[in-house]
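> So that we are looking at the same thing, I have put the structure below in structure tokens.
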Amino acid sequence: MFSAVARIFRTPDLRRKIGFTLGIMALYRLGSFVPAPFVDFGNVQACLEQNQGTSGLYELVNLFSGGALLQLSIFALGIMPYITASIIVQLLRVVIPHFETLHKEGQAGQGKLTQYTRYLTIFLGILQSTTLITVARSGALFGTNTSAECSQLLTNDTWYAVLLMVITMTAGTGLIMWFGEMITERGIGNGMSLLIFTSIAATFPGSLLAIAQSKGFDTFLLVLAVGLVIMMAVVFVEQSQRRIPVQYAKRMVGRRTFGGNNTYIPIKVNMAGVIPVIFASSLLYLPALIAQFNTPAAGQEPAGWVTWITTYLTSGDHPLYMALYFLLNVGFTYFYVAITFNPEEVADNMKKYGGFIPGIRAGRPTAEYLDYVLTRVTLAGALYLGCIALIPLIALALVGANQNFPFGGASILIIVGVGLETVKQIDAQLQQRHYEGLLR
């Protein structure tokens, strides 16, 4: 293992790529601590020291920004606008035929879709930065029951100050998007995924330290042991796949023979990745957001539906909230897999190039067989995602460590998934040069 790592740094090209990637990641983390204009840095730090967290969608955005959201930095929005834009463009392929046509056009069409994603990212950056600054001006960024410092986070809230903050945060989003593309082009691994990995990994030491200080050393060791088991289980499931064998018939083109080889279609247990967890968290936050805007003034009784939502759909340790969260994860897993994997399209491509599954006729029977296998494999993946997403909520109910429990939900899925993918790319680079990879 150590000799393989030494080979990485002895290879000039690979050493340069890894150094460039680490440099961009360091710049990204540095920007997370640079406050935006007209932000009272002292009051923000005082509010953060009070260990007051956010919930719902703000908690997810703060996780993906590496804590930059609550610090109101120039990178406060993090990579979230780009993630949202990518998901929207991917879903629009089902609704808008032109997007599906561009997707099938190869590199030129993919470039056009990437351009649409960039424009949408900037638009969402403007929208989300305006919302964030509005919440910060109202003093509700750290919750409703806050100190005087938390209600005075801005030193100037005039229109030109707000406009400058919106422009700065949106420009920060554009710069993060450029960072990710530069890592993909000149570094190692997928740039956007590595920036998310950096944001989440940066919160791990602080979260574990907070658990040790608030719950004691015994709970800290228990969390580490549970986290190690969860990480091993996630690695096992993320690497699991159902391989469907495919054979290609031999074809004579002139004097040459093509085809006749055997391959397989890999159907992963978790084909949806972390997207269902993001969807479920966002959807469950909407009722709480609507109830928050309908909260009456002091001394007045809230409406019955507002009380019901506040009681059952805002507290993560309530059984009804857990059940809905689990079911939403299962449902969104099937929904996202149905969008991203089309059995009929795969069957048509196999038939076009002379491929077939042994024992299954080409065409519609192949599509039905793929759909049969996909439905049953996705069931295991959906239940797995639902259980992983519930881990922070269970931790909240047992030891009250939801805000600081790092080994669960979207965080552990991204950490393991990006880590495995990056190691595979480094291994492939080593095998090209030394015939021996990082992994054995």
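> Over 20 Å between C-alpha atoms is what I'm after, so list which of 352/424; 104/352; 104/351; 268/424; 112/352 land there. Intermediate results must be reported in sequence, preceding the final value.
Numbers: 352/424 31 Å; 104/352 15 Å; 104/351 17 Å; 268/424 16 Å; 112/352 27 Å.
Result: 352/424; 112/352 exceed 20 Å.
> With Cβ to Cβ distances under 15 Å as the rule, what net charge do the other residues near residue 193 carry (K, R +1; D, E -1)?
-3
> Return the whole-Å distance between the Cα centroid of region 191-230 and the Cα centroid of region 87-124.
Value for the Cα centre distance between the two parts: 36 Å.
> If you count, for each residue, the other Cβ atoms within 10 Å and average over each peptide, how do 332-342, 234-244 line up from highest to lowest?
Per-residue mean Cβ counts within 10 Å order the peptides as 332-342, 234-244.
> Something else now. Show me the ranking of peptides 351-360, 421-430 by mean Cβ neighbours inside 10 Å, starting with the highest.
The peptides rank, most packed first, as 421-430, 351-360.
> What whole number of Å gives the distance from the Cα centroid of region 303-339 to the Cα centroid of region 161-182?
Rounded to whole Å, the Cα centres lie 32 Å apart.
A short reminder: the numbers here are calculations on the coordinates, not readings from a lab. This structure is a prediction, so every number in the text was calculated from the model and none was measured. Note that we place each Cβ from the backbone using ideal geometry, even for glycine, and neighbour counts take in every protein chain shown.
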